[in-house]
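Input: a single structure, listed below in structure tokens.
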Amino acid sequence: MENTVDRIRLGELMGRELALFEQDHPRSRELFERSKANLLAGVPMPWMTEWAGSFPVFVAEAQGARFTDVDGREYVDLCLGDTGGMTGHSPKESVAAIAEQAAKGITLMLPTEDSIWVGAEMERRFGLPYWQFALTATDANRFTLRLARQISGRPKVLVFSWCYHGSVDESIIVLQDGKPTRRPGNVGPAVDPTETTRVVEFNDLEALERELAYEDVACVLAEPALTNIGIVLPDPGYHDALRELTRRYGTYLVIDETHTICAGPGGATKAWGLEPDFVTIGKPLAAGVPAACYGMSAEVAPRIDAYMQTIPATDVGGVGGTLSGNALSLAAMRATLEHVLTDDAFERMIELGARWTDGVQAAIDAHGLPWTVQRLGCRAEYWFCPEPPRNGGDAAELDDHELAKFTHLYALNRGILLTPFHNMALMSPATTEDDVDAHSRVFDEMAAELVA
Ligand SMILES: Cc1ncc(COP(=O)(O)O)c(C=O)c1O
């Protein structure tokens, strides 16, 4: 990792920002101290330890692209629950549908008519005709890997180094010095992932072909652009080659659109004309109510159906989930897709993504920092290097935790929330030009202080 800023200056500024954070958030601190009594590490789930301040801010209320914390401070939310809140918080049409459905049955293990509407809408957006529901993108991925292994009769999957697809065992693997190995921090893997998975760098077609040529790979599980190690875009022609190679070696292609839905209403699949065998997606589909789905092509669906008809008990085969496809999730999904994450909304969100990118790049240029910004639709992310990397390995090398923590904390102290694991901003239908410009101003001030 190249050192792009003076570390002594950075340390001084960080000390000042931490003191400011603590001074401004007495009530959050108090709640954090209390939560340590019963919550591991004082938080409801482990990722909440990753925020830039000395403790997480506790939320009082969220609406649209903003939220207020328990100390009465207001924030522009560019994290949006790391995409789970990409709809903006509590959009009124989704809330009305959720309230209405909650009053008339939440979960029954019986279908409701909304499922038919959502299935048809997913076909309109992603082109695949058959759909099933789950509660999280992780589960949608897990179920899809099982199905692909089952109908291909092959044992392995292939993923890209430094990918993220949720807590899917097979995907928590990286290349280190060219060798597959369990990803640092992989918690208690059931089996060594090198036994289940082949792993290559994104944009490396030679390695992809080499690994597929073993003809033991059931499916490639791919984000169409990596979004979980910064935004890494595909080289021109990469997706055509990926599809051609997967077809040539009899491997299914699973496109995980959970984050790349930012590219447009039908994700990168629609925007770039991809032809996956499966699509998986979760997070924002139901405005934050747990909901996910996985779609399959007309070619694979009958093979899955035929197999499912032969098994003695579908409920214990590892695909499904008692609460999957519940009435509440489906009502929320329908309202969200029909009224919130609409084609028109995406147009505005993508324009805001471009505005955010321009604002950050202008500040980088004005202060002569050797940094850059990458964008995919309404998601954008700055890099502490002059050119965005082409693969996950290079992106991981660039990680500058100390600097990222500072830029995030600086923004947080001035009322702007960024995603803790990335230098990322996401636009919602409720985000405004003023919200974007507020970030540009704060980023510019931060850059000026860093180089002073
Ligand atoms: C591309 C992608 N797929 C799947 C997931 C898993 O989502 P969840 O944690 O909601 O299951 C994530 C989470 O960040 C993701 O980024």
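Using the Karplus curve 6.51 cos²θ - 1.76 cosθ + 1.60 with θ = phi - 60°, work out ³J(HN,Hα) for each residue of the range 81-89 in order, rounded to whole Hz, and write x for Gly and Pro.
So the Karplus estimates, Gly and Pro as x, are x, 6, 4, x, x, 4, 6, x, 6 Hz.
Within the chain, what's the longest run with no GluC sites (Glu not before Pro) in a DSSP loop and at most 14 other beta-carbon atoms within 10 Å? Give the range, please.
300-452
What lysines sit close enough to Lys104 to cross-link, taking a C-alpha to C-alpha distance under 26 Å and skipping anything fewer than 8 places away on the same chain?
Within the straight-line limit of under 26 Å, Lys104 reaches these lysines: Lys92, Lys283.
Can you tell me the FRET efficiency between Arg124 and Arg247 if r is taken as the Cβ-Cβ distance and R0 is 22 Å, rounded to the nearest 0.05?
0.35
What does the charge count around Ala335 come to, taking other residues whose C-beta lies under 10 Å from its C-beta (Lys +1, Arg +1, Asp -1, Glu -1)?
Once all neighbours under 10 Å are counted, the net charge is -2.
What net charge do the residues around Ala286 carry, taking every other residue with its C-beta under 11 Å from that of Ala286, with Lys and Arg at +1 and Asp and Glu at -1?
On the way: positive: Lys283, Arg334; negative: Asp114.
Every neighbour counted, the sum reads +1.
Quote to one decimal, in nm, the extra length available between Asn38 and Glu433 on full extension: 0.36 nm per residue of separation minus the C-alpha distance between them.
138.1 nm
Mind giving me the FRET efficiency for Ala96 and Ala354? R0 is 35 Å, r the Cβ-Cβ distance, nearest 0.05 is fine. The partial results should precede the final answer.
Working: r = 32 Å, r/R0 = 0.90.
FRET efficiency, Ala96 to Ala354: 0.65.
Rg(Cα) of the range 297-452 divided by 2.2 N^0.38 Å?
Relative to the 2.2 N^0.38 Å estimate, the range 297-452 comes out at 1.44.
Between Asp399 and Phe421, what is the label-point separation in nm under the 7 Å Cα-to-beta-carbon projection?
It works out to 1.0 nm between the two label points.
Among the aspartates and glutamates, which fall within straight-line cross-link reach of Lys36, defined as a Cα-Cα distance under 14 Å, with same-chain neighbours fewer than 8 residues apart omitted?
none
Compute the longest continuous run of the chain that contains no exposed trypsin sites (Lys or Arg not before Pro); treat a site as exposed when its DSSP state is not H, G, I, E or B and it has at most 13 other Cβ atoms within 10 Å.
By the stated rule (loop sites, at most 13 other Cβ atoms within 10 Å), 105-452.
What FRET efficiency comes out for Val187 versus Gln309 if R0 is 45 angstrom and r is the Cβ-Cβ distance? Round to the nearest 0.05.
Efficiency, from the Cβ-Cβ distance: 0.75.
Can you compute the label reach from Ser54? Point 7 Å from Cα along the Cβ direction, backbone N cut-off under 15 Å, restricted to the range 1-31.
14-31
Thr136: net charge of surrounding residues, Cβ under 10 Å, Lys/Arg +1, Asp/Glu -1, itself excluded?
With Lys, Arg at +1 and Asp, Glu at -1, the neighbours total +1.
Can you pull the one-decimal nm distance between simple spin-label points at Asp344 and Asp71, each 7 Å off the Cα toward Cβ?
My value for the distance between the label points is 4.0 nm.
Assigning unit charges at the beta carbon (Lys, Arg +1; Asp, Glu -1) and nothing else, what dipole magnitude in debye, to the nearest 20, does the range 248-300 show about its Cα centre?
On the way: 3 positive and 5 negative charges, 25 e Å.
Dipole magnitude for the range 248-300 comes out near 120 debye.
Using amide H atoms built in the peptide plane, which far-off residues or other-chain residues are under 5 Å from Val76 H to H?
When sequence neighbours closer than 5 places are left aside, the close amide H contacts are Ile416, Leu417.
Run the helix sum for the chain: -39,500 (n - 2.57) per DSSP H stretch of 4+ residues, divided by residue count, reported at 222 nm to the nearest 500 deg cm²/dmol.
So the calculated ellipticity at 222 nm is -12500 deg cm²/dmol.
Please compute the modelled spin-label separation between Glu30 and Glu12, points set 7 Å along Cα→Cβ, answer in nm with one decimal.
3.5 nm
Every number here is computed from the coordinates shown, using simple stated rules; none is lab data. What you see is a predicted model, and the numbers here were worked out from it, not measured in a lab. When we count neighbours, we look across all protein chains shown, and the Cβ atoms used for this are built from the backbone with ideal geometry, even at glycine.
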